[in-house]
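The values are calculated or read from the model by the stated rules, or taken from the named source; none is laboratory data. Because the structure is predicted, anything quoted here is derived from the model rather than measured. Cβ placement follows ideal geometry from the backbone for every residue including glycine, while neighbour counts extend to all protein chains displayed.
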Amino acid sequence: MSDIPICLVYGKEDPWVKPVWGLQVKQQVPEALYYEISPAGHCPHDEVPEVCSSSLVCLMALSIAYLIVHALKVVFRLLFVWVKNTCFLRKDCDD
């Protein structure tokens, strides 16, 4: 599941979904971001939208960084294969 960015947002004062349940999910998915927002209840996205927006911006930034790192890995692998399979830097080539 590490390829899927996950952000857990819970209102600390939520009377129905206790934040402890979010902590249990966080234990199962340790790479997930976890935010326990206070003061907020069951709908933190409605009660404190600016805080929820900030947490989503963090998630998007981490997702973009993750994509860039993986794209660079692919580029370097392709470059390595190209260098390995060409005469570039090989002494046995008859150029």
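A few comments on the model shown:
- Exclusive hit being under 18 Å from Ala32 (Cβ atoms), out of contact with any Cys (no Cβ under 7 Å at 6 or more places or on another chain), modelled with pLDDT under 90 and not charged (D, E, K, R), set Leu56, Leu62, Leu89: Leu62
- Residues of the stretch 1-45 that are outside any loop (DSSP other than H, G, I, E, B), of a type in the set (A, V, I, L, M) and over 15 Å from Met60 (Cα atoms): Val20, Leu23, Val25, Ile37.
- The one condition in (1) at pLDDT 90 or above; (2) more than 20 Å from Ile4 (Cα to Cα) that Lys26 fails to fulfil: (2)
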